[in-house]
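> Questions regarding the structure given below will be posed in turn.
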Amino acid sequence: MTTVDLPLLPLGPGRDLSAERGVECPGDLPAASDPDLVARARAAKEALGEKVFVLGHHYQRDEVIQFADVTGDSFKLARDAAGRPEAEYIVFCGVHFMAESADILTGPTQQVVLPDLAAGCSMADMARLGQVEAAWDALTEAGIADSVVPVTYMNSSADIKAFCGRNGGAVCTSSNAEVALEWAFEQKPDAKVLFLPDQHLGRNTAVLKMGLTLEDCVVWDPRRPDGGLTAEELRNARMILWKGHCSVHGRFSPEVVDELRTTIPGVQILVHPECQHEVVLKADLVGSTEFIIKTIEAAPAGSSWAIGTELNLVKRLAEAHPDKHISFLDKTVCYCSTMNRIDLPHLVWALESLVAGTVVNRIEVDPETERWAKVALQRMLDLPGRSHKD
Ligand code: SF4
């Protein structure tokens, strides 16, 4: 199965199932009620032995994480996969763009499997290649494309990473966004950055880390003619933020932070930089998933925390640190629905298919896209003395 350029599950009236990826699994998907699922997953994994390497993103369900050989954020997992060349099959329990990154960074004989093709990322899907190319054309017409350096968050499709590679740009993670922006602004005189696809990470980094102002940032809306911006607004901007966001982190609100501070005395608010700027401004600490995990590990017993990131991770942190008071920042925010598409039945189905000699749901990035995406990833890796954790 090659990379599919389709939007993620546009549900509702008038939906076109044939336009969606991942609505069907060839073969038999075990029933979720099957009491033998755990035993089946274990048996299939044992049968595959060293041939399979199972990666589990921090936001995955417990039922899946228990079978992960390693856990981590998207970039760490892709690098872990690259460090296991003897593994013929990489089963990526995460979302589509992560499996693409793993395919880009692993060897040509390694095959990457995503147990459910519907496990996309709504943020990554908010920047489609055609939209970004149209934006680039508009920047060219406005006479500024020559001074624009495109930088894309790791949470983007392979073809957007490749676009950045082709156009002198780079990839960044939530840990190294600041140094990636420093690098980008050094690339050209009067450089501007086109930041894809998460406006919040871009804005938070530009304003809180780089000393830019909110007025230096404009938002390019791909659904409006010319992004909804005038040529003058584009010329005056330092940061052109793509109008994308994470459907989980983008839902935390500043009001809930105020409320928690009154109900939990001494609570420390710890959020991910994909949260809205107004939330980040009110937080005590802001950082990537790895930063959040390390902060909680190092926190003193008895300390109180409210964490604004994906619920599966927050739940596991609370379970692992019963000596600390850990709450989820907002009870109305749900799990990442696409991450949660990877469940035990899909994992069992993928592993048993491999045992039977059939590679299902293979994610394979075409060579040209891979070549340019690697260029953008390498520019990130070449940022001197800088952290690359997501
Ligand atoms: S948590 Fe947000 S950024 Fe991560 S996969 Fe889900 S929608 Fe995408």
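The values are calculated or read from the model by the stated rules, or taken from the named source; none is laboratory data. Everything quoted here is computed from the prediction, not taken from an experiment. Every residue, glycine among them, receives a Cβ derived from its backbone with ideal geometry; neighbour counts consider all protein chains shown.
> If the requirement is being under 21 Å from residue 172 (Cα atoms), of a type outside the set (Asp, Glu) and surrounded by fewer than 19 Cβ atoms within 10 Å (Cβ to Cβ), which of these qualifies: 281, 260, 285?
285
> Can you tell me how many residues within region 89-125 are assigned to a strand (DSSP E or B) and more than 16 Å from the ligand (Cβ to nearest atom)? Step through it out loud before you land on a result.
Within region 89-125, the subset assigned to a strand (DSSP E or B) is 89-93, 111-113.
Next, from what is left, pick out any that are more than 16 Å from the ligand (Cβ to nearest atom): 89-91, 111-113.
Residues in region 89-125 being assigned to a strand (DSSP E or B) and more than 16 Å from the ligand (Cβ to nearest atom): 6 in total.
> Does residue 376 meet the test of being free of Cβ contacts under 8 Å to residues at least 40 places away in the same chain and among the aliphatic types (A, V, I, L, M)?
no
> Right, something else. Got a number for residues in region 142-180 being away from the ligand (no atom under 16 Å from the Cβ), in contact (Cβ under 8 Å) with a residue 40 or more places away in the chain and part of a helix (DSSP H, G or I)? Spell out the reasoning first.
Residues of region 142-180 away from the ligand (no atom under 16 Å from the Cβ): 142-151, 159, 162-170, 176, 178-180.
After this cut, where a residue has to be in contact (Cβ under 8 Å) with a residue 40 or more places away in the chain as well, the list is 142-144, 146-151, 159, 162-166, 169-170, 176, 179-180.
So of that shortlist, the ones also part of a helix (DSSP H, G or I) come out as 146-147, 159, 162-166, 179-180.
Of the residues in that region, 10 qualify.
> Further, regarding this structure: Is it the case that region 221-232 has a residue that's crowded, with 20+ Cβ neighbours inside 10 Å, away from the ligand (no atom under 16 Å from the Cβ), over 19 Å from residue 336 (Cβ atoms) and in contact (Cβ under 8 Å) with a residue 40 or more places away in the chain?
Yes - at least one qualifying residue is present in region 221-232.
> Name the pairs whose Cβ atoms lie under 6 Å apart, with the first residue in region 303-325 and free of Cβ contacts under 8 Å to residues at least 40 places away in the same chain, the second of a type in the set (Lys, Arg), and 6 or more positions between them or separate chains?
303/324
> A further question on this structure: Determine which member of the set 325, 277 is over 21 Å from residue 251 (Cβ atoms) and more than 16 Å from the ligand (Cβ to nearest atom).
Working: 277 fails: over 21 Å from residue 251 (Cβ atoms).
Result: 325 is the single residue among 325, 277 that is over 21 Å from residue 251 (Cβ atoms) and more than 16 Å from the ligand (Cβ to nearest atom).
> Return a yes/no flag: does region 344-365 have any residue that is in contact with an Asp or Glu (Cβ under 7 Å, 6 or more places away or on another chain), closer than 18 Å to residue 57 by Cα, within 14 Å of the ligand (Cβ to nearest atom) and in contact (Cβ under 8 Å) with a residue 40 or more places away in the chain.
No: zero hits.
> Based on this model, can you work out whether residue 269 counts as surrounded by fewer than 16 Cβ atoms within 10 Å (Cβ to Cβ), outside the structural domain of residue 60 (by TED's automatic domain parsing), in contact with a strand residue (DSSP E or B) (Cβ under 7 Å, 6 or more places away or on another chain) and in contact (Cβ under 8 Å) with a residue 40 or more places away in the chain?
Judged against the criteria, residue 269 is not a match.
> Out of (1) more than 16 Å from the ligand (Cβ to nearest atom); (2) in a helix (DSSP H, G or I); (3) not β-branched (Val, Ile, Thr), what's the single condition that is false for residue 305?
(2)
> Can you tell me which residues in region 56-67 are within 17 Å of residue 349 (Cβ to Cβ) and within 16 Å of the ligand (Cβ to nearest atom)?
Selection gives 56, 60, 61, 64.
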